Amino acid sequence: MDETLNESLKNIFLKYLDTALNRTKDKFMTQQDKREQTFNRLTDREILIVYLKVFKELTFVQIGKYMGESWQRIASSYTYARKKLKRGIENGL
């Protein structure tokens, strides 16, 4: 994935995760560390899928056509990425 796009997506997600992580008060990690660790759980492919679904509001079919994959595979990857993010937030990462 293009480095500039990846950096842009990372910044969008870091801002998005701020809200969820504000509840977590861990004295050993900074808020920035927690956000980055949560974000780093995702692969570049997962980042792109979540970005297209959440921020561009594309359907799984549209994302699948764009990425050359079936909509079922895209939907599965999206669900898996959301679970990874949720686990990171719940665990304070």
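Read the figures in this text as sums done on the coordinates, not as results from a lab. Remember, predicted model here, so these are calculated numbers, not experimental data. Neighbour counts are summed over all protein chains in view; Cβ atoms, including those assigned to glycine, are modelled from backbone coordinates with ideal geometry.
In sequence order, the stretch 60-68 has phi-based couplings of 4, 5, 4, 5, x, 4, 4, 9, x Hz under the Karplus curve 6.51 cos²θ - 1.76 cosθ + 1.60, θ = phi - 60°, and Gly or Pro positions carry x. Extending 7 Å from the Cα toward the beta-carbon at both Glu69 and Arg45 defines two label points whose distance is 0.5 nm.
The phi torsions of the stretch 84-89, fed into the Karplus equation with coefficients 6.51, -1.76 and 1.60 and a -60° offset, translate into couplings of 4, 5, 4, 4, x, 5 Hz, rounded to whole numbers, with Gly and Pro shown as x.
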